[in-house]
Amino acid sequence: MAAVPPLCDFGWKPVNATLPGVDGKDHDILAQAGENGLVVVFICNHCPYVIAVIDRIVQVAKDLAELGVGFVAISSNDVTSHPQDSFDNMKLFAEKHGFPFPYLYDEDQAVGRGWGAVCTPDFFGFNADMELQYRGRLDASRKKAGATGLRRDLYEAMKQIVETGKGPEEQIALMGCSIKWKDAS
């Protein structure tokens, strides 16, 4: 089932956490920030929305690094119900797609829940002061990658944030698979 995250809560400050990465190291989420900001994206390995754009996500991360913006991906999915999202499979997914950023595992789902993550992919773009300025889509792609010349919404928003400290007032919500939450009982 597809989910659409809420609109951007401008100025929201994230809670930091330390999570294990597929590189065998623990990473503080906010320590991944560059001097001009940070993008945190919640993804998983099996979602068709993520699979359709993962190579574009990797390219945007590389391009944002040139602007001084850090990037990190987090998987919060329940691996009991979706074993294809296991930590071992996360390692394979990151290697296959050449992730230039940490891919972290939120096993207890505390980060995903605390941040209000809704779907995969779900982008959170922060300025240099770690204030949320973007909660929109990567581009107009859906379950299939869009045409080559699509406007790169995430990149353009983060470029504006680097230049002004503020995200665009109008943002187009993304769509993706709902995060697979563990049974609360």
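Only one residue in Phe71, Phe87 is among the hydrophobic types (A, V, I, L, M, F, W, C) and in contact with a helix residue (DSSP H, G or I) (Cβ under 7 Å, 6 or more places away or on another chain), so which one is that?
Working: Phe87 fails: in contact with a helix residue (DSSP H, G or I) (Cβ under 7 Å, 6 or more places away or on another chain).
Going through Phe71, Phe87 in turn, the sole match is Phe71.
Every residue, every condition in (1) under 15 Å from Val58 (Cα atoms); (2) under 16 Å from the mean Cα position of the chain (by Cα); (3) acidic (Asp, Glu), yes or no:
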| position | (1), (2), (3) |
| --- | --- |
| Asp78 | no, no, yes |
| Asn89 | no, no, no |
| His97 | yes, yes, no |
| Phe101 | yes, yes, no |
| Gly112 | no, yes, no |
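Does Asp55 satisfy being in contact with a His (Cβ under 8 Å, 6 or more places away or on another chain), exposed (fewer than 14 other Cβ atoms within 10 Å of the Cβ) and not β-branched (Val, Ile, Thr)?
yes
Suppose the filter is hydrophobic (A, V, I, L, M, F, W, C), within 18 Å of Asp26 (Cα to Cα) and not in a helix (DSSP H, G or I); does Val72 pass it?
The answer is yes for Val72.
Collect the residues in the stretch 65-93 that are of a type in the set (A, V, I, L, M, F, W, C) and either surrounded by fewer than 22 Cβ atoms within 10 Å (Cβ to Cβ) or modelled with pLDDT under 95 (or both), keeping them in residue-number order.
If the condition is that a residue be of a type in the set (A, V, I, L, M, F, W, C) and either surrounded by fewer than 22 Cβ atoms within 10 Å (Cβ to Cβ) or modelled with pLDDT under 95 (or both), then Ala65, Leu67, Val79, Phe87, Leu92 are the ones that fit.
The values are calculated or read from the model by the stated rules, or taken from the named source; none is laboratory data. Please read these numbers as outputs of a predicted model, since none were measured by experiment. Positions of Cβ are backbone-derived with ideal geometry, glycine not excepted, and every protein chain shown enters the neighbour counts.
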